[in-house]
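The values are calculated or read from the model by the stated rules, or taken from the named source; none is laboratory data. Quantities reported herein were computed from a predicted structural model and do not represent experimental measurements. Cβ placement follows ideal geometry from the backbone for every residue including glycine, while neighbour counts extend to all protein chains displayed. What goes into the accessible areas is simple: the full protein's heavy atoms, side chains included, and nothing from ligands, DNA or RNA. Shrake-Rupley method; radii C 1.70, N 1.55, O 1.52, S 1.80 Å.
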Amino acid sequence: MKAYVHGMNRRQFLQMLAIGSGGLALFGRGMPALAQATPAPPVDVQLNTSGWPIEMPIADAAPGTFQAGYARAFQTWLDLNPGVRVQQIEFNPWDAAGLRTAIAGGTAPFTYPIGVMGGWNVAGIQSAFAQGAFADITDVFNRYNVLDMLDPRVAASTSRWMAGDRIFGIPYEVVSSQGYFYNRAHLESIGMERIPMSWTWQDMREMALQLTTPDRKGLAMAAYALNWILPSYGIGFDGLVSRYPIPGRGFNWRWDFTTFVDDMVEGVELWRGMYFDDQSVFSDPNYWDFSQNGPLAAAFYDQRVSMTPGISLFFSDMAQRMNITVAEADQMMSFVRAPLGPTGFTPEQPITPSAWAFSPDLSAEQLDKGVSLFTYMLLGEGFIQTMQHIFQETGDLGAILRSLRWPYANRYSESIPGVEGSLSQAAGSNYSAALNEIFDQPRLPEVGAYIPAEVNNGPGDTPWYDKITRWAFTRDPFDVRAEAAEMESILNQQASTFASTLDENAFAEGIRRYYADWDALLQQTAPLFYEQRFRPFYELRIAPNFG
Amino acid sequence: MAAQAEVLDAPSAQSSVPSEVKARRRWQLALFIVPAFLFQFFWGWYPMLVALFLSMTDAPIRGALTWQGLNNYNRLLLDPLVPMAFRITLIYAGLSILLTFAIPIFVSILLMEMPPNVMRVMMILWFLPLSGIASTLFWQYLYNEQFGLFQWIATAVLGLPPQSFLSSQNWVLLWLILPSILLYGPGLYYLTGLQSIPRSYYEAAEIEGAGFWRKIWTISLPRLRPIIAMTLLFAIIGSLQEFTFPDLMTRGGPNGASRTVVMYIMNILNNARYGDATALAVMLFALIMVATLIYRIVFKADPDQ
Amino acid sequence: MSLFPVVGRKQPRLRVAWWVIVALLCLGIFMHLIPFFIMISTSFKPASEAMAMPPTLFPREPTLAGWELAFNMTASARSLISQPLSQYFINSVIMTVGTLLLSIPITSMSAYACSKLLKGRSARYWFFFFIGTLMLPGIVTLIPSYLLTRNFPFPLPVAPTIPGTETPFPTIRIWNTFWAVILPAGFSAGNFLLFKGFFDSIPDSIINAARVDGGSEFNIFRRIVLPMSVPVFAVTIYFQFSGTWESYLWPLVVIQDSSIAPLTLAVRRLVDAFTYAGTTNAQTALGQSANVSNLVNQGLSWNGLMVLGLLQAIPVFLFFIVVREYLLKGVRIQGLK
């Protein structure tokens, strides 16, 4: 708890103390009686929920379960907010076509995941916001001081829930960067204890080769391997040194894959060397799924590979899939951020929140109550009350960790008021140390946070994926240089057909700040990349227009 | 509905139909067609016309539309991936009809040769409930380039170097079409037509010395002709809109070599460009209509007319 | 058994040919059975084994976990599945039967009209009118159709106001009722093609003979055409049944009340919850992955997905067995030489 105190205002801190001691006082009596808040004036409001992430409470849930604690907290909120009805509707907010349709006609649930509407990328999310798919919740967000409820590191990563100074979502869960789970016993067999965060793709290639035995591959890899390798050279669909802004009324971005095409050749050869020459990779053109339920993870469970890609959220599920406890999993495997590029660059954001938006059809009252319910149950007192109940009944930190995915977007990842013990210890000390090391890395600037939301999303990433899937697996002869140039011309041709809806000056001003921030960051974190890639590209492509 | 005026009566009575009989026939025709007309208009054509309109706007997710005229179409015509998707769609549709269309017809003809009880069992086995997920899983295994059955056959049995399957730009379409040979759906429909062929036809042919193939060629297929005409039309329309299976297997790769038009429409939709996606769908509509017209000219659907 | 000669059937050459045909048919069945076998086999595998590559033919450690999860899911996921599964089942039956009752007569009569009552150019126009809607990918008409269920006849989120007044036009709202599923399916262009093909194969002479006898067109259809069309009705009813039973996206956008939702919606919710059985906030991890749709659709707890896939398909399969009898009852056309 101490770690987060400095990020709070005084009122929040006192409130938390009050909750904490209240929770401790409850411990003996088992009565739910949280902060002595007075009920709000009665209203007449209905909120329709799809069941995610606000589910309907179950009245007769067994004590000690998440549902029981949740039901009590839910009732507390209802008592504090008389006149609010929460109704479960039959709807699946994860279905993109269904959600798009429901938003268009005004029948969407009161809250839904932001990424579904924007193809899960920042530009798409911002474009969806500009098209009116999410309510602007700036006022009510500030009224409830939601920022103070968030882990400071989450609060700082705004690009998936803010556009310019407008807020359109509330973070609810977090993940670390894309990274790799590795088998610690296998690693020891080649004389390494842990993988340092500063490893490069070349290191990975060498390790994978060493780890490969007749019945084991060193590394499992998804079909878009090159989409993870090339961006560490700064090259990608939205790569730092492969895409550049241009001024004017047309679409504001163009692509340049020719300046650093040697890097692309090198990255492609590195991967193909691993896959075809070293035979150290377990992969296939249709391994799209790198989740804890996919073929890559399955090979990892069977010890047929030593390293597998993943994100931090998979950890506890992976333990469950292997039928071992979290503590055992913590001994068996660990997690490291994706390797750096040869010049020390990483495109990986240390922490990414998953945010939920609110329906643009909500009335002011509905929006107020909806945000209140959401933050209460997931970030604030309701969350604490739920977890306290589980702990009181079971005395088991593991039961808390199993009920909601750890770490949390709120301030309680380390400890929850009224719950004894450190959650990060319980989640696996090696694992949480590795995770915290990643989380504490500096944030990378994301362009969405600097310029207003663009209605036109511009060209999609289809041409990029077309090329990298071919380069990764084809046995036909091909020429990366020629195809990179072709990809560049396709994307620029597509881009030239769009118009921008942004104010030119606002755009130029945002772009200057964006590149200035990169400039400052890269000098610190990746001086080699800064000297050899970023500066030359900046001078060539950006300075002439925005210098 | 002036078109109803062209009702043809029984040919023998055509010249001398009293007007009240004509009126009655017209009224009867309306009974047959008007309900279908209403449903097809309001739930079929009307939303399509709205989509046509939306394809000329920017069609944001919410809020006011802005008229774009033909801008969306112009943008698509300048997009190099659009002609590519059309080319691949045409190849895919042509190949899949060429390779898979005839099989269920012959299976049905052969199935009719089985004793009734054997046929009952075989039909059941052919219609076991199958989830798309299971078939996809199965085919992904067959095509796996490291551990797949086909790779094993190529390297261990045939002694070839390792082969590319779904990662081969030239062959990927063929590999994607192969599984649809197993789909026996329309076979049921051929059985309906085959059953109504009188046994006496075959007996007569036999007396004239017709053999196995000759009977198929001169009796079964001609009698099935109207039915085949409709399934072929259905196959043309359907295969030009292929989406699900290639999407699950390849996501359009490698290098876009298996990305059909509908897959590209979905890409654009996921990119939050509803207006462009609709415009591309309208372009596909035009292509399918042209294909249908060519088909109607080549394959006179109804020899009676 | 019409292709083989009646006499001399016992000749060795013919017997070999017959068995070759049997072998071919069995080969096709075998290839069809493998995915089915994999489905059954996977449903008994533990979750980690279900994705192993190369796959195991038989479960190494057979487990009922997938089946247990599927059957206990309603208990642990009551917050997601608010009605008993039987309620969803009944809703599906109502929607499916309602669609069949409306769509099969309407579609078959229009197909008959196009096949036998209309000739020449008007027949071609009507034909195009009836099948033209097949030619546009359905995904782009989803939103207009859905808006029509909200404010018929306006494909708009909100009905416009009558010019010069503040009152909106009166509209019909069938959204969130059974009608929203049944009415838009009132005419099926796909079945229209099937009916049309079959009616085309009925010789005109039969119908003309009946006309000479003075029957009205409706009576000819009912008393002469219908009895000889039992097989095609069986097939179209089957296709319509399975299509409606398995439809997902349309009910998802037009049905929101759990008490009238069909089984597919519940099953998909179960599948989605299933994928993270044991955690309450199932889907959230997906939000992090650029790969989300793929995860939801195919990547997760395969054993459970297989079980649910089987459960979902059973009614269609049972229905097929019923239909098959009618399909095979094909009434031979009498008196036709």
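Hey, can you list the DSSP H helices of chain B whose Cα span along the axis is 20 Å or longer and whose average Kyte-Doolittle score is at least 0.5? If you can, show how the numbers build up before the last one.
Working: long enough: B:19-40 (30 Å, 0.31); B:81-100 (27 Å, 1.75); B:221-239 (25 Å, 1.44); B:274-298 (36 Å, 1.78).
Helices meeting the span and hydropathy rule in chain B are B:81-100, B:221-239, B:274-298.
Using mean Cβ contacts within 10 Å as the protection proxy, how do A:433-439, A:178-184, A:138-144 order, highest first? Before the final figure, lay out each step's value.
Details: A:433-439: 19.4, A:178-184: 22.6, A:138-144: 16.0.
With the highest mean Cβ count within 10 Å placed first, the list reads A:178-184, A:433-439, A:138-144.
Think of chain B as a dipole: +1 on every Lys or Arg Cβ, -1 on every Asp or Glu Cβ, centred on the Cα centre; then among B:T260, B:Y274, B:L284, B:Y274 lies furthest on the positive end. The simple spin-label model puts a point 7 Å past each Cα toward its Cβ; for B:L49 and C:S216 those points are separated by 3.2 nm. If R0 is taken as 56 Å, the Cβ-Cβ distance between C:R121 and A:S496 corresponds to a FRET efficiency of 0.75. Output the pairs from B:K215/C:K119; A:K467/C:K45; C:K196/C:K329 with a Cα-Cα distance over 27 Å in this structure; if there are none, say none. Among B:K215/C:K119; A:K467/C:K45; C:K196/C:K329, the Cα-Cα distance tops 27 Å for B:K215/C:K119; A:K467/C:K45.
Write down the accessible area per residue of the protein assembly as shown in Å², having rolled a 1.4 Å probe over the full set of protein chains. List each step's numbers first, then the result.
On the way: 44390 Å² over 1189 residues.
So the protein assembly as shown comes to 37 Å² accessible per residue, rounded to a whole number.
The helix-only estimate of mean residue ellipticity at 222 nm for the protein assembly as shown, built from DSSP H runs of length n ≥ 4 each weighted as -39500 (n - 2.57), is -15500 deg cm²/dmol after division by the residue total.
Label-to-label distance for A:A364 and B:S200 is 8.5 nm, based on points extended 7 Å past Cα in the beta-carbon direction.
Give the calculated FRET efficiency between A:D262 and B:L65 to the nearest 0.05, with a Förster radius of 41 Å applied to their Cβ-Cβ distance. Before the final figure, lay out each step's value.
Numbers: r = 47 Å, r/R0 = 1.14.
The pair A:D262/B:L65 has a calculated efficiency of 0.30.
The C and A chains share an interface that buries close to 4800 Å² of accessible area, total over both sides, probe 1.4 Å.
Quick one: buried accessible area between B and C, total over both chains, 1.4 angstrom probe, nearest 100 Å²? Can you show the working numbers first?
On the way: alone 19910 and 20680 Å², together 30000 Å².
Buried area (both sides, nearest 100 Å²): 10600 Å².
For the peptide C:254-261, the mean number of other protein chain Cβ atoms found within 10 angstrom of a residue's Cβ is 4.
Averaging Cα coordinates gives a centre for region A:183-223 and one for region B:199-265; these two points are 51 Å apart. Of the peptides A:285-295, B:145-155, the order by per-residue mean of other Cβ atoms within 10 Å, starting with the highest, comes out as A:285-295, B:145-155. Peptides B:210-217, A:161-168, ordered by how many other C-beta atoms sit within 10 Å of their residues on average, highest first, read A:161-168, B:210-217.
Label zone of B:N170 (point 7 Å out along Cα→Cβ, amide N under 19 Å): in region B:138-152 this covers B:151.
Spherically averaged projected area of the convex hull of Cα atoms, the protein assembly as shown: 49.6 nm².
I'd like the mean, over residues of B:255-261, of how many other protein chain beta carbons sit within 10 Å of each residue's own Cβ. The partial results should precede the final answer.
Numbers: counts 14, 8, 4, 0, 3, 0, 1.
Mean shielding count: 4.
By its C-alpha gyration tensor, with a ≥ b ≥ c as the square roots of the eigenvalues, how is region C:87-135 shaped: rounded for a/c under 1.5, else prolate for a/b larger than b/c, else oblate? Walk me through the intermediate numbers first.
Values: a/c = 7.30, a/b = 2.58, b/c = 2.83.
Note, shape of region C:87-135 comes out oblate.
Take every Cα pair under 8 Å in region A:279-414 that's 6+ residues apart, average their separations, divide by the length, and report that relative contact order as a whole percent.
Relative contact order of region A:279-414: 13 percent.
Within 10 Å of the Cβ of each residue in B:137-143, the mean number of Cβ atoms contributed by other protein chains is 6. Take every Cα pair under 8 Å whose residues are at least 6 apart in sequence, average their separation, divide by the length of region B:72-298, and the relative contact order is 30 percent.
In the protein assembly as shown, what percentage of the DSSP-assigned beta bridges are antiparallel, given to the nearest 5? Show your work: numbers first, answer last.
Details: 31 of 41 bridges.
Bridges in the protein assembly as shown that DSSP calls antiparallel: roughly 75 percent.
Which shape class, rounded, prolate or oblate, goes with chain B when its Cα gyration tensor gives a ≥ b ≥ c as root eigenvalues, a/c under 1.5 marks rounded, and past that a/b bigger than b/c marks prolate? Since a/c reaches 1.5 but b/c is at least a/b, the shape of chain B is classed as oblate.
Spin-label pair B:I153-A:T525: with each label point 7 Å from Cα along the Cα-Cβ axis, the two points sit 5.0 nm from one another. Averaging 1/r across all pairs of distinct Cα atoms in chain A and inverting the result yields a Kirkwood radius of 25.1 Å.
If both residues of a DSSP beta bridge must be in chain A, then about 75% of such bridges are antiparallel.
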